[in-house]
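Chemist: Below is one structure. I have some questions about it.
The values are calculated or read from the model by the stated rules, or taken from the named source; none is laboratory data. Remember, it's a predicted structure, so these values are computed and weren't measured experimentally. Positions of Cβ are generated from backbone atoms using ideal geometry, with glycine treated the same way; all protein chains shown enter the neighbour counts. Please note that ligands, DNA and RNA were not included when accessible areas were found on the heavy atoms of the full protein model with its side chains. Shrake-Rupley method; radii C 1.70, N 1.55, O 1.52, S 1.80 Å.
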Amino acid sequence: MSLASPARMGIQPVGYNAAVRIALTLGTDASRNEKNDYIRALLAAGFRREEIVVLPPGSKPEGQFDGVVLAGGLDVDPSRYGQALKPEGKVELDANRDATDFAVFEKARRESVPTLGICRGIQVINVAMGGTLVQDITTERPSGIVHLVPKREDERRDHPVQVKPGTRIASIAQAAEIQVNSRHHQAIERVAPGLKVSAVAPDGLVEALESDGPWLLAVQWHPENLPDDPASRRLFAEFARAARDRSQRNLAGSAPVEAGLEADSGRLNR
């Protein structure tokens with residue numbers, strides 16, 4: 001699938017004078033070039049490739065950045081939300097990925113950096129802010145909605161999502177209901193303080209969280225896989241606008257712009 005230009009997709013890149021640094025956390029096996037759908041979606045939203053810094057598992061965030069994307073991947077360690085591992089849940093863990101994602105998000109919170117969470121990303125955000133997760137939907141919250149659909153097809157719409165009016169995701173979706181793809185076996189259980197639910201699946205599971213504070217939006221589906229979906233394009237475009245706005249505010253305030261994130265300069269001690 002070829003990369004569509006921002007203009008062809010109806011999105012005009014936000015103007016800027018200073019370089020922006022976007023942190024993108026990815027799993028060990030994820031590609032780190034334009035074949036990666038997260039990177040393609042960010043490019044389509046107007047970022048340049050050199051502005052996107054991929055943070056693989058175990059890497060440490062260094063310097064200043066203007067936006068964070070917490071991407072999909074393996075499960076969050078239940079010990080981080082006070083639970084023991086449930087053997088029937090088929091939980092797959094990556095301690096290094098957890099270390100990187102939680103460190104990046106905590107840095108983003110301290111510095112009010114716009115943050116977009118996707119799939120695993122919504123779960124990382126919820127846990128980091130004090131919430132909990134359903135370790136396995138099939139065994140703990142079975143319903144008629146299949147959230148981990150067999151025979152993965154990235155662009156297939158698997159179920160509807162009801163969007164709550166007056167929310168950030170509502171302004172992006174521009175509809176009371178949207179159709180989304182779905183490939184997760186875990187879900188939000190207790191919503192963390194400081195977050196609000198802005199979209200749900202028909203079975204009541206949380207599909208989007210956001211904050212009234214600095215720009216923060218997280219979704220359980222995979223908008224990066226839906227390049228022809230207007231709502232998905234608007235989601236990345238709004239994230240890009242928030243990141244550019246932050247960069248411009250820092251520039252106007254004469255804040256020093258550091259070199260950005262050096263993904264390979266240090267490893268987290270565990």
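Chemist: Considering only protein heavy atoms, what per residue accessible area in square angstrom results for the chain with a 1.4 angstrom probe?
Modeler: 43 Å²
Chemist: Taking the Cβ of Gly27 as the center, what net charge do the other residues with Cβ under 12 Å away carry, scoring Lys and Arg +1 and Asp and Glu -1?
Modeler: For residues surrounding Gly27, the net value is -3.
Chemist: Which lysines does Lys164 reach when only Cα atoms under 28 Å apart count, and residues fewer than 8 places away in its own chain are ignored?
Modeler: The reachable lysines, counting only those whose Cα sits under 28 Å from Lys164, are Lys196.
Chemist: Please give the calculated 222 nm ellipticity per residue for the chain, where each DSSP H segment of at least 4 residues contributes -39500 (n - 2.57) and the sum is spread over every residue; nearest 500 deg cm²/dmol?
Modeler: Helix-only estimate at 222 nm: -7500 deg cm²/dmol.
Chemist: Just the C-alpha atoms of the chain: what Rg/Rh do they give, with Rh taken as the Kirkwood radius?
Modeler: Radius of gyration over Kirkwood radius for the chain works out to 0.94.
Chemist: Follow-up. Assigning unit charges at the beta carbon (Lys, Arg +1; Asp, Glu -1) and nothing else, what dipole magnitude in debye, to the nearest 20, does the range 119-255 show about its Cα centre?
Modeler: With only Lys, Arg, Asp and Glu charged at Cβ, the dipole is about 380 debye.
Chemist: Ignoring any ligand, DNA or RNA, what whole percent of the accessible area of the chain comes from carbon and sulfur when the probe is 1.4 angstrom?
Modeler: Taking all protein chains in place, the chain shows 49 percent carbon and sulfur surface.
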